[in-house]
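Structure, as structure tokens:
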Amino acid sequence: METELEGRMVGWLFPIIGHMGICTMSGIIRDFAGPYFVSEDNMAFGNPTKYWQLDPTKVYSTGPNPWDTSVLEASEEYKHRLHNLCCDNCHSHVAMALNLMRYNNKTSWNMVKLCFLMMVHGKYVSFVGFLKTWLPFLFLLGLILTVVLVLNLR
């Protein structure tokens, strides 16, 4: 079971991974926030700092409101799953929604692909969002480098 502190620390150590959610057509964010829990418009680790604007015209699934239906189905499925930091997590939840809606006519979405595509297509919400993402990592890196240098200069 992942606690909020553990989730934040993962973001501090690996800021390119981060936490991920997916919006409904009305802009309500759904995210797999922990074991058996999908939050609605209250992301597990605070407001988003980065986003990737997807194109609703690239949905190839049929039926009424396929985007929202797919997000809802993925969310309902993940309400019955145990959260696993490495294998079945927030990225997997988003991947399932994209697979269900056949986004970009694909059903091969997964957490690794989403991580890399978020690096390529993602945009920070603001400069403050950029700082919130990278400052903790840079602080920890600076601290580690300082300790290593101090120990090696003795």
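Candidates are the residues of region 81-100 that are farther than 19 Å from GLU40 by Cα and of a type in the set (S, T, N, Q); the one that is surrounded by the most Cβ atoms within 10 Å (Cβ to Cβ) is ASN99. If you check PHE116, PHE139 for being surrounded by fewer than 12 Cβ atoms within 10 Å (Cβ to Cβ), under 14 Å from the mean Cα position of the chain (by Cα), within 14 Å of PRO15 (Cα to Cα) and of a type outside the set (D, E, K, R), only one passes: PHE116. Screening PHE32 on (1) assigned to a loop (DSSP other than H, G, I, E, B); (2) touching a helix residue (DSSP H, G or I) at 6+ places or on another chain (Cβ under 6 Å) shows it passes everything except condition (1).
Residue by residue, here is whether (1) touching an Asp or Glu at 6+ places or on another chain (Cβ under 8 Å); (2) at pLDDT below 95 holds:
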{"site": "LEU54", "(1), (2)": "no, no"}
{"site": "VAL59", "(1), (2)": "no, no"}
{"site": "PRO64", "(1), (2)": "no, yes"}
{"site": "ARG81", "(1), (2)": "yes, no"}
{"site": "TRP109", "(1), (2)": "no, no"}
{"site": "LYS113", "(1), (2)": "no, no"}
{"site": "MET119", "(1), (2)": "no, yes"}
{"site": "LEU153", "(1), (2)": "no, yes"}
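The conditions of being in contact with a helix residue (DSSP H, G or I) (Cβ under 6 Å, 6 or more places away or on another chain) and part of a loop (DSSP other than H, G, I, E, B) are not met by HIS93. In the list TYR124, TYR78, TYR103, which residue meets the criterion of being of a type in the set (Ser, Thr, Tyr), closer than 16 Å to GLY11 by Cα, surrounded by 13 or more Cβ atoms within 10 Å (Cβ to Cβ) and in contact with a strand residue (DSSP E or B) (Cβ under 8 Å, 6 or more places away or on another chain)? Answer to the selection: TYR124. Listed by first and then second residue, the pairs linking a residue in region 42-62 that is farther than 16 Å from SER126 by Cβ to a residue that is modelled with pLDDT of 95 or more and polar (S, T, N, Q), with Cβ atoms under 7 Å apart and 6 or more places separating them unless they lie on different chains, are LYS58/ASN104; TYR60/ASN105; SER61/SER70. If the condition is being over 20 Å from LEU114 (Cα atoms) and assigned to a helix (DSSP H, G or I), then region 70-82 contributes only GLU76.
Of the residues making up region 15-65, those that are closer than 20 Å to MET118 by Cα and of a type in the set (A, V, I, L, M) are ILE16, ILE17, MET20, ILE22, MET25, ILE28, ILE29, ALA33, MET43, ALA44, LEU54, VAL59.
The values are calculated or read from the model by the stated rules, or taken from the named source; none is laboratory data. Keep in mind that this is a model prediction, so the values were computed, not measured. When we count neighbours, we look across all protein chains shown, and the Cβ atoms used for this are built from the backbone with ideal geometry, even at glycine.
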